[in-house]
1. Hey, what did the range 23-166 get for relative contact order, percent, Cα under 8 Å, at least 6 apart?
2. Contour minus end-to-end for residue 140 and residue 294, with contour as 0.36 nm per residue of separation and end-to-end as the Cα-Cα distance?
3. Using bins 10 angstrom wide from zero, how does P(r) for the range 69-161 break down, in % of all Cα pairs?
4. For a label point 7 Å from the Cα of residue 280 along Cα→C-beta, name the residues of the range 66-93 whose backbone N is under 20 Å from it.
5. Could you work out the relative contact order of the chain? I mean the mean sequence separation of Cα pairs under 8 Å and 6+ apart, divided by the number of residues, in percent.
6. Nearest 5 percent is fine: what portion of the DSSP beta bridges confined to the chain is antiparallel?
7. Which angle from 0 to 90°, rounded to the nearest 10, does the C-alpha axis of helix 188-199 make with the longest principal axis of the chain?
8. Translational D (Stokes-Einstein, µm²/s) of the range 243-286 at 10 °C and 1.306 mPa s when Rh comes from the Kirkwood sum over C-alpha pairs?
């Protein structure tokens, strides 16, 4: 694979940190754009990556940042917005994507890799609706684009296993909205591998890849499995939709907004794929069950490490 000059938007997020690390290891020249180069986030970026402060909603600034690049990767996405109007999602997804595609044309960059979401354009949530709008913008751009649609992504310090572990840590009873919603969780390293394989492969141009794992699990069973792995006795209480909606409304007032009405709407649609994008890229998907104990640091695995340590001291 030849070395490329790559500009990344959204590089300080969960997927971005893993992807940038891999691309730097492959010898590519990385420039990571951010409106706020917070020291806490910048420290996650590997040596060899360039940090550039840029207002990504300024089209002229984007075009200047893209000039000389071979590839642009857009990983920007939000799971919640301020309020419930959809404007925050529209700005982060569809409006920014329009600016990115326009800046690519102005800077002469043909190749664009774009992170979307499984079920983009479907359902009633602002999140999925604006993800679909962004894909429409890209497909009309005449760029050499590739779109990735992942299900929920799991991995070290993710927003899935880690979040529910911390919630379960705090309470013996966890009321759960949309408990029967199904997911096919995809491993972060498989998502990164998909981006890397598409980077230099002309067969991936103007293709959409659904990225999902080999195991389908309901939200209820996932949360109960997390409790089991941690060795905790917890009651996971599925809520009827009326109470789930109320839970979402109340959670919007909690700092950090752990759950929202739009999340509730998104969970009405199962995050399960239909055409296996990992298989199309020659990637064997990693089952959640093969990583969950290691990622959570289960009570059993912690005890085994403690036992080994004790034996070493004897």
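1. Relative contact order for the range 23-166 comes out at 19 percent.
2. Working: separation 154, 0.36 × 154 = 55.44 nm, distance 4.27 nm.
Contour length minus the Cα-Cα distance gives 51.2 nm.
3. Percent of pairs per bin, in order: 17, 47, 30, 7, 0.
4. Once the point is set 7 Å along Cα→Cβ of residue 280, 72-75 turn out to lie under 20 Å by backbone N, inside the range 66-93.
5. Here the relative contact order equals 16 percent.
6. Numbers: 2 of 38 bridges.
If I count the DSSP bridges inside the chain, around 5 percent turn out antiparallel.
7. Once rounded, the angle reads 20 degrees.
8. 124
Laboratory data are not the source of any read-out in this text; all were calculated from the coordinates shown. This one's a predicted model, so the numbers in the text were calculated from it and none came from an experiment. When we count neighbours, we look across all protein chains shown, and the Cβ atoms used for this are built from the backbone with ideal geometry, even at glycine.
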